[in-house]
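The values are calculated or read from the model by the stated rules, or taken from the named source; none is laboratory data. Predicted, not measured: the structure shown is a model, and the values here were computed from it. Please note: Cβ atoms are built from the backbone with ideal geometry, for glycine as well, and neighbour counts cover all protein chains shown. To get the accessible areas, we keep the full protein, side chains included, count just its heavy atoms, and leave off ligands, DNA and RNA. Shrake-Rupley method; radii C 1.70, N 1.55, O 1.52, S 1.80 Å.
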Protein chains: 2
Amino acid sequence: MSFSSVSSSSSSAAAAAAAAASISSSSSAFFSPPNFPSSRVSNASVPVKRVGTLQCVSIEEKTAYKTKVSRNANMAKLQAGYLFPEIARRRQAHLLKYPDAQVISLGIGDTTEPIPEVITSAMSKRSDGLSTLEGYSGYGAEQGEKPLRAAIASTFYRDLGIGDDDIFVSDGAKCDITRLQTLFGSDVTIAVQDPSYPAYVDSGVILGQTGHYQKELEKYGKIEYMRCTPENGFFPDLTTVARTDVIFFCSPNNPTGSAATREQLIRLVQFAKDNGSIIVFDSAYGMYMSDDNPRSIFEIPGAREVAVETSSFSKYAGFTGVRLGWTVVPKELLFSDGFPVAKDFNRIVCTCFNGASNIAQAGGLACLTPEGLSAMREVIGFYKENTAIIVETFNSLGFKVYGGRNAPYVWVHFPGRSSWDVFSEILEKTHVVTTPGSGFGPGGEGFVRVSAFGHRANIIEACRRFKQLYR
Amino acid sequence: MSFSSVSSSSSSAAAAAAAAASISSSSSAFFSPPNFPSSRVSNASVPVKRVGTLQCVSIEEKTAYKTKVSRNANMAKLQAGYLFPEIARRRQAHLLKYPDAQVISLGIGDTTEPIPEVITSAMSKRSDGLSTLEGYSGYGAEQGEKPLRAAIASTFYRDLGIGDDDIFVSDGAKCDITRLQTLFGSDVTIAVQDPSYPAYVDSGVILGQTGHYQKELEKYGKIEYMRCTPENGFFPDLTTVARTDVIFFCSPNNPTGSAATREQLIRLVQFAKDNGSIIVFDSAYGMYMSDDNPRSIFEIPGAREVAVETSSFSKYAGFTGVRLGWTVVPKELLFSDGFPVAKDFNRIVCTCFNGASNIAQAGGLACLTPEGLSAMREVIGFYKENTAIIVETFNSLGFKVYGGRNAPYVWVHFPGRSSWDVFSEILEKTHVVTTPGSGFGPGGEGFVRVSAFGHRANIIEACRRFKQLYR
């Protein structure tokens with residue numbers, strides 16, 4: 001390994017960091033302090049290099065080569081870091097401050113329980129097979145392997161008029177959201193639930209669908225924020241929502257944990273139909289539903305003409321690291337000129353993507369066997385027990401608590417307080433990482449999201465600490 | 001599985017197909033004939049449904065619901081299908097015509113040889129581990145796992161001033177090309193080698209960087225096509241190339257198989273520096289290099305200030321289906337305002353992507369062990385023997401043949417003939433799938449690309465058939 005260029009590269013990095021000072025925070029620990037010595041560089045040489053670097057900075061800052069390529073103005077609109085890397089950064093900083101702290105992460109929504117063996121063994125079998133002539137496969141269909149598309153259609157969309165070829169297998173719902181945004185392009189207007197999963201807004205900003213960030217409102221221009229509060233049962237008052245081309249809607253909801261009822265979704269579909277809008281329905285938590293609410297937008301009659309749906313194996317099978325999801329684009333969904341949305345999405349998938357990993361797809365197929373489904377339901381049941389423990393804890397402390405019943409997220413109200421303040425207070429005093437509600441939009445201010453993903457002992461310990469802090 | 005809606009969905013699909021008639025070809029077999037009965041629908045019921053459908057079509061065609069969302073005008077600029085799905089479609093049509101034909105595919109550039117066991121066993125071990133508490137991992141760093149980033153840096157960029165944190169692990173170079181285009185946005189101008197890998201152009205069209213397709217020129221407006229022909233040794237005459245913001249450059253080249261010399265790349269880097277351009281260097285075939293040409297753009301002094309590099313395990317380790325690649329974005333590369341390109345790319349990766357599959361990453365790490373590297377080199381050596389056989393065949397038939405020595409592609413000249421005609425002639429008469437040169441841009445007209453990816457027996461058989469056809 002070579003670090004021969006540490007000195008010169010760090011000096012430009014310093015110049016770059018200076019140039020980047022207007023951005024309030026990096027979206028990850030990617031840009032470490034420029035002079036931070038690599039563990040493979042002997043300490044002995046560091047002081048010498050530092051002197052050289054310090055001398056260089058003042059000279060090179062003026063002469064550092066810059067291309068003549070303008071930075072994408074949409075990228076410059078983005079505020080701070082993408083939420084979750086930002087939380088990871090704060091967690092890291094906390095660990096530096098308290099190296100011995102037993103930090104428990106109920107923040108990022110990352111699964112913690114092992115993947116059932118019936119699923120991993122299918123993946124290891126597929127891996128092993130790749131070293132044999134019979135088992136080897138190269139490029140698969142960009143849309144996913146036929147048996148998996150068929151299994152997704154029959155498992156999640158039986159009797160809903162969704163065919164195998166309406167299913168596009170992907171490496172995850174988050175990635176598909178950007179692919180959908182790329183499909184729609186920069187001229188569409190979008191609406192999001194407020195609060196909402198930040199990828200909808202941030203990808204919209206990147207694709208140029210929005211105006212600038214308006215600091216006083218904590219909103220981007222041109223986005224319709226559909227306020228979801230305890231007062232309206234976390235379902236927006238559609239009579240006050242302006243028409244947009246695209247409506248992002250997540251149910252069961254991340255972060256509020258609420259789930260829209262059938263009657264509410266009928267209204268949403270009617271609203272889209274009246275306005276000629278397209279709903280992007282995010283059902284990544286559908287299997288967490290306890291109540292009799294729809295788990296797919298396609299349970300609503302007519303939805304195939306106004307909606308796509310994106311979903312994921314991440315929270316069902318612990319595939320957050322394995323990467324597998326899907327998007328449903330019904331043939332009936334048409335642009336204003338009658339062109340099928342699915343045909344353009346297919347083109348995006350073929351041009352900008354090359355299919356999900358074949359090994360992950362083997363895992364997905366195993367998930368949808370009777371044994372796989374039952375194993376997934378068991379893991380989901382475990383996380384739902386976690387949720388109940390968290391809900392009960394905050395209830396017992398007198399907090400107003402939402403969500404939890406139909407989603408692995410508990411949405412705790414701290415009326416009148418800043419979410420980031422509460423986040424910091426909890427981290428500082430209990431070493432538990434949560435997620436500040438305002439990270440999901442201005443409508444999340446005053447709330448904190450507590451994720452139920454965690455080992456049982458950690459959930460119990462975190463709740464013990466919450467009780468200590470807030471009793 | 002339910003097909004209760006076959007009738008209504010097929011009628012809208014028919015309307016959609018009519019609306020879509022202006023697009024000359026689908027990019028895949030995605031839109032099957034709307035009335036094609038599924039194997040799970042009993043034949044007995046089909047005639048009844050067909051009658052119903054036929055009655056409905058005339059009524060519903062007029063009333064099929066359309067949203068009011070305008071189709072993305074950039075999507076509408078795209079011509080026909082993305083090249084490789086289009087070839088897959090023609091292969092499929094050929095198989096329908098000749099169901100008993102022994103079709104050999106030397107078209108799409110898909111790897112065929114099993115992945116060395118040292119690599120697959122690392123992946124199956126990682127898969128198995130995911131079912132244990134100790135071996136489980138959820139979300140990884142979006143930029144890739146640290147040991148893999150370090151191994152890529154030390155294996156491919158030793159002594160080149162590229163650090164671990166300059167490496168962004170991905171699900172493949174093709175996917176990263178779209179992420180880079182998303183980063184650059186719609187206001188940049190781009191240059192491509194002509195001919196070139198179609199993803200550069202098509203992603204540029206989708207992101208809105210180009211004008212309309214000019215049929216008479218077979219080019220998109222606003223793209224600078226850098227002609228690469230036998231006359232200029234497949235390296236563009238830079239004195240005639242207009243300045244663009246971004247220059248896509250692939251060496252060893254897909255499709256021509258040529259590799260730029262050190263002296264040529266020095267000129268390219270100087271050209272970029274003079275113009276303030278950013279080079280996107282595609283080194284996906286670097287390990288196929290036999291001659292002493294650079295395998296990375298970062299072998300050229302100063303390249304870190306003007307270039308990013310994207311590469312892939314696909315053609316090195318047979319990972320076309322496993323999906324793993326990487327992109328290098330040096331800290332020294334700055335936009336005109338001094339903002340580091342890497343910082344925006346990091347934001348794209350964090351917002352629009354969630355990391356490559358952890359199982360694939362375990363495979364990538366195994367690839368870069370001494371045993372993995374030696375196993376990869378063996379497979380690459382096998383494909384290079386294939387290449388030699390193909391080159392010799394066409395040479396013996398009196399064709400002018402290019403490439404082959406530094407890349408797994410042989411670029412055969414059919415002067416004065418249409419590439420698609422030659423493609424069809426070869427397919428019709430030998431049942432061998434190749435790739436028409438014009439699919440890579442107007443500069444590819446009159447050439448056919450023959451891929452060396454194939455089992456040895458198939459390569460020998462294909463060459464026997466070539467000799468029969470062209471002797």
All conditions in (1) without any contact (Cβ under 8 Å) to a residue 60 or more places away in the chain; (2) within 10 Å of chain B (Cβ to nearest Cβ); (3) in a helix (DSSP H, G or I) are true of A:ALA93 except (2)
Could you please let me know if A:GLN270 is more than 25 Å from A:VAL329 (Cα to Cα) and surrounded by fewer than 20 Cβ atoms within 10 Å (Cβ to Cβ)?
-> no
ask   = Is there a residue in the range A:167-186 that is in a helix (DSSP H, G or I), more than 22 Å from A:VAL322 (Cβ to Cβ) and either in contact with a strand residue (DSSP E or B) (Cβ under 8 Å, 6 or more places away or on another chain) or outside the structural domain of A:SER336 (by TED's automatic domain parsing) (or both)?
value = yes
Residue pairs qualifying under the 8 Å Cβ cut-off, at least six apart or on distinct chains, with the first in the range A:113-141 being at the interface with chain B (Cβ under 7 Å from one of its Cβ atoms) and the second being open to solvent by 40 Å² or more (accessible area, probe 1.4 Å) and of a type in the set (A, V, I, L, M), are A:PRO114/B:LEU133; A:TYR139/B:ILE108
If we keep only residues of the range A:246-267 that are within 17 Å of A:VAL192 (Cβ to Cβ) and over 22 Å from the mean Cα position of the chain (by Cα), then the residue least open to solvent (accessible area, probe 1.4 Å) is A:LEU265
Within the range A:77-90, of all residues that are of a type in the set (Gly, Ala, Ser) and within 9 Å of chain B (Cβ to nearest Cβ), the one farthest from A:VAL448 (Cα to Cα) is A:GLY81
Filter pass, B:THR210 being under 20 Å from B:ALA407 (Cβ atoms), of a type in the set (S, T, N, Q), surrounded by fewer than 24 Cβ atoms within 10 Å (Cβ to Cβ) and touching a helix residue (DSSP H, G or I) at 6+ places or on another chain (Cβ under 8 Å):
no
By residue number, the members of the range B:431-442 that are surrounded by fewer than 22 Cβ atoms within 10 Å (Cβ to Cβ) and farther than 20 Å from B:PRO230 by Cα are B:HIS431
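Just the residues that are open to solvent by less than 20 Å² (accessible area, probe 1.4 Å) and either in contact with a Lys or Arg (Cβ under 7 Å, 6 or more places away or on another chain) or aliphatic (A, V, I, L, M) (or both), please, taken from the range A:443-471. Explain how you work it out, then say what you get.
Taking the range A:443-471 and keeping what is open to solvent by less than 20 Å² (accessible area, probe 1.4 Å), we get A:443-444, A:446-454, A:459, A:462-463, A:466.
Residues satisfying the conditions are A:GLY443, A:GLY446, A:VAL448, A:VAL450, A:ALA452, A:ILE459, A:ALA462.
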Within the range B:317-325, can one find any residue that is touching a residue at least 40 places away in the same chain (Cβ under 8 Å) and outside any loop (DSSP other than H, G, I, E, B)?
-> yes
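Taking the criterion of being charged (D, E, K, R), under 26 Å from A:VAL341 (Cα atoms) and open to solvent by 10 Å² or more (accessible area, probe 1.4 Å), would at least one residue in the range A:215-231 satisfy it? Give the derivation first.
Let us first name the residues in the range A:215-231 that are charged (D, E, K, R), namely A:215-216, A:218-219, A:222, A:224, A:227, A:231.
In the following step, the residues that additionally are under 26 Å from A:VAL341 (Cα atoms) were identified as A:222, A:224.
Imposing the further condition that a residue be open to solvent by 10 Å² or more (accessible area, probe 1.4 Å) reduces the set to A:222, A:224.
There is at least one residue in the range A:215-231 that is charged (D, E, K, R), under 26 Å from A:VAL341 (Cα atoms) and open to solvent by 10 Å² or more (accessible area, probe 1.4 Å).
Residues checked against (1) within 26 Å of A:SER170 (Cβ to Cβ); (2) within 12 Å of chain B (Cβ to nearest Cβ); (3) within 20 Å of the chain's Cα centre (by Cα):
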| residue | (1), (2), (3) |
| --- | --- |
| A:GLU332 | yes, yes, no |
| A:GLY372 | yes, no, no |
| A:MET376 | yes, no, no |
| A:THR393 | no, no, no |
- So A:TYR200, is it assigned by TED's automatic domain parsing to the domain that holds A:ARG323, touching a residue at least 60 places away in the same chain (Cβ under 8 Å), among the hydroxyl-bearing types (Ser, Thr, Tyr) and within 26 Å of A:TYR402 (Cβ to Cβ): yes
Residues of the range A:244-283 being within 11 Å of chain B (Cβ to nearest Cβ), of a type in the set (A, V, I, L, M, F, W, C) and not in a helix (DSSP H, G or I), in sequence order, are A:VAL246, A:ILE247, A:ILE278, A:ILE279
Residue pairs within 7 Å by beta carbon, gap of at least six or interchain, first lying in the range B:176-196 and buried (at least 24 other Cβ atoms within 10 Å of the Cβ), second β-branched (Val, Ile, Thr) and assigned to a loop (DSSP other than H, G, I, E, B), listed first then second, are B:ILE190/B:THR244; B:ALA191/B:VAL241; B:ALA191/B:THR244; B:PRO195/B:THR256
All conditions in (1) free of Cβ contacts under 8 Å to residues at least 12 places away in the same chain; (2) in contact with a strand residue (DSSP E or B) (Cβ under 7 Å, 6 or more places away or on another chain); (3) open to solvent by less than 50 Å² (accessible area, probe 1.4 Å) are true of A:ASN395 except (3)
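Here is a yes/no grid of residues against (1) surrounded by fewer than 22 Cβ atoms within 10 Å (Cβ to Cβ); (2) free of Cβ contacts under 8 Å to residues at least 24 places away in the same chain:
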residue: B:ARG347; (1), (2): no, yes
residue: B:CYS352; (1), (2): no, no
residue: B:GLY355; (1), (2): no, no
residue: B:ILE359; (1), (2): no, no
residue: B:CYS367; (1), (2): no, no
residue: B:GLU371; (1), (2): yes, no
residue: B:ARG377; (1), (2): yes, no
residue: B:ILE380; (1), (2): yes, no
residue: B:ALA388; (1), (2): yes, yes
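Considering only the range B:403-429, how many residues are among the hydroxyl-bearing types (Ser, Thr, Tyr) and surrounded by 23 or more Cβ atoms within 10 Å (Cβ to Cβ)? Before you say what the answer is, go through the steps one by one.
We begin by selecting, within the range B:403-429, every residue among the hydroxyl-bearing types (Ser, Thr, Tyr); these are B:409, B:418-419, B:424.
From what's left, surrounded by 23 or more Cβ atoms within 10 Å (Cβ to Cβ): B:409.
Going through the range B:403-429 one residue at a time, the tally reaches 1.
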